[in-house]
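For reference, the structure discussed in these notes is given below.
Any read-out appearing in this document is the output of simple, stated calculations on the displayed coordinates, not a laboratory observation. Owing to the predicted nature of the structure, the values given are computational and were not obtained by experimental measurement. Counting neighbours? That spans all protein chains shown, and the Cβs are built from the backbone with ideal geometry, glycine included.
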């Protein structure tokens, strides 16, 4: 028998002690007696084995001698225990060995110090269990050795019964330990130490926890987690939830920082939260199952989910699919000025009637019109008007070009006739341009009177003088309008703050509340500003003669849109001949049409920039992986440094500037206004 095998019979679990502790014990007086006893037993056993021969087996009572040897050994061990059972060194080594026996069943006891271990070992139920355990282990050893020699069902049954007794005894001891009120504090200490140890392993498993979020953060994520758990009830479920929350918050922070830099054009807040929770749950599952963290697999899943989410979200307008069907025009809308101006059939009819009316008006004005009362002859007149409409239009164009400098004067009198309601101002505005022209003619006549020119010369000079006088009257109108409009805009603090752009009762009734009416007003003002700015841009290029074919078409389209916007605003704000209930339909029709244009532009831009978009998504995932890998390396390199490293987020310069964002924002803006005007839309 080996030395430690014999020592195990005297003090169970002695062989499991560290060699330093065994040597220290064996150097004491009791330890020396302990060694002497072991050597004596070893010597007696060796003598017995050497004396065994075939002759002795046949002619001497060998079994009796073996039993005598066993009894002598047992007596020697009993005498040794009785002699030294109260000795301090023996009690100390015995307690250490007993603790090792208990630790086999409850490894968490390793968190206890010497005094705490002694308390657990010396409890009555622990001593009872230790004695029973030693006995059962010895019995199991004997049963297994006999089974190895002669395998049979009886030996197997004995082994199973002993195992059952051993498990039952261990279970009884566990319950006794957990139910011992005196050891409540020790159990809490064990649980706390176990939690800390698990967290340390978790921090090694997921090195991000060893970092601070930034250089100013006083605690690492690991320290925050320990503090949170210390303030909790420390139930397994609550600890798991805290670990998951801390880990998911950390992952979310990394994801959010990177996506805010690489994918600025989309809100990924909720998506990143969900993905961080899934990744944290998968990481904790791998940790609890003691399997390897498959970071590449987790990032691949994130990549696929991110790709799908971004592509689907970019096609949603305010979280829902855009209805691309053309808006149906209500019957009541057909009578609005803005609709009539923009209707294709009306435009074709207007073109034909304009040509006929131009010809008829021109011929009437020149005195060459027929005075036929016959319907048949009138039809012939219309036929002739259509035949010569081209020539008439050319002649009219020439005259219009010559009279173009006097258009402001024409519009002044048109405005007086149609819109001026005050009798005083109507007379004043009508007379003043005429007074300017007449004053100039009188001035010229007064200057020419001293020359004594004949009346024919005066008559000849009257024609250019009249034109110049009318031109001065026109300039007067322009100057007057400029001063009036300037003062008016100054008084109302801007061109869009004048009464014509203020919310009135008609708009409040049409749109139900002031907020919606203001939104409609803001929309039209913004659209008018955009069209006016574009018109200035095209006009400046037109003066330089550098407009392209596309720009010329865009200029015409912008001019038509500007006129239509003014008419729509007039229909909504001031057209009292139109029912106020039509006002919402006018803007809804425009918003739906413009929204469809923007959505189609969004789809086209997405299609053209799909490759760059996917490349940006791929780069985002690479940055996230680089962030995780950098923390693993950093945690390894700086493991001896007291100051924990700050989290370093890996960024890649973002060169992708998507054009579809502007289209999406405009479509969402239109959709919000549609919902505000028509909540059921």
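Given the C-alpha centroids of the stretch 168-209 and the stretch 644-661, what is the distance between them in whole angstrom? The stretch 168-209 and the stretch 644-661 have Cα centres separated by 43 Å.
Using 0.36 nm times the number of residues separating residue 529 and residue 323, minus their current alpha carbon distance, what extension gain do you get?
Values: separation 206, 0.36 × 206 = 74.16 nm, distance 2.79 nm.
Stretched out fully, the residue 529 to residue 323 stretch lengthens by 71.4 nm.
Taking a point 7 angstrom from the Cα of residue 116 along the C-beta vector, which residues in the stretch 195-238 have backbone N less than 13 Å away? Taking a point 7 Å out along Cα→Cβ of residue 116, the residues of the stretch 195-238 whose backbone N falls under 13 Å are 195-197.
With a simple spin-label model that places each label point 7 Å from the Cα along the Cα-to-Cβ direction, the separation between residue 604 and residue 72 comes to 11.0 nm.
What the Cβ-Cβ distance of residue 86 and residue 285 gives, at R0 = 51 Å and to the nearest 0.05, is a FRET efficiency of 0.45.
Could you work out how much longer the chain between residue 163 and residue 407 gets when fully extended? Use 0.36 nm per residue separation minus the Cα distance between them, nm to one decimal. List each step's numbers first, then the result.
Working: separation 244, 0.36 × 244 = 87.84 nm, distance 11.47 nm.
Once the chain is fully extended between residue 163 and residue 407, it gains 76.4 nm.
Note on residue 431 and residue 216: their simple-model spin labels are 7.5 nm apart, each label 7 Å out from Cα toward Cβ. The simple Förster model, with R0 at 41 Å and r as the Cβ-Cβ distance, assigns residue 498 and residue 656 a FRET efficiency of 0.40.
Defining a contact as two alpha carbons under 8 Å apart and six or more residues distant in sequence, what relative contact order in percent does the stretch 430-588 show? Rounded, it is 21 percent for the stretch 430-588. With both labels modelled 7 Å from their Cα along Cα-to-Cβ, the residue 597 to residue 417 distance reads 3.4 nm. Name the shape class, rounded, prolate or oblate, that the alpha-carbon gyration tensor gives for the stretch 3-183, where a ≥ b ≥ c are the square roots of its eigenvalues, rounded holds for a/c under 1.5, and otherwise prolate holds if a/b is larger than b/c and oblate otherwise. Verdict is oblate for the stretch 3-183.
Ranked by the mean number of other Cβ atoms within 10 Å of their residues, highest first, the peptides 594-607, 31-44 fall in the order 594-607, 31-44. First check a/c for the stretch 185-322, with a ≥ b ≥ c the square roots of the eigenvalues of its C-alpha gyration tensor; if it is under 1.5, answer rounded, and if not, answer prolate when a/b is larger than b/c or oblate otherwise. Since a/c reaches 1.5 and a/b is larger than b/c, the shape of the stretch 185-322 is classed as prolate. Here residue 178 and residue 48 are evaluated by their C-beta separation; at R0 = 56 Å the FRET efficiency comes out at 0.75.
Is the shape of the stretch 540-599 best called rounded, prolate or oblate, per the rule: a/c under 1.5 gives rounded, else a/b larger than b/c gives prolate, else oblate, with a ≥ b ≥ c the square roots of the Cα gyration tensor eigenvalues? Oblate. On full extension, the segment bounded by residue 20 and residue 397 gains 123.9 nm, given 0.36 nm per residue less the C-alpha separation.
Across the stretch 3-183, Cα pairs under 8 Å and at least six residues apart give a relative contact order of 19 percent.
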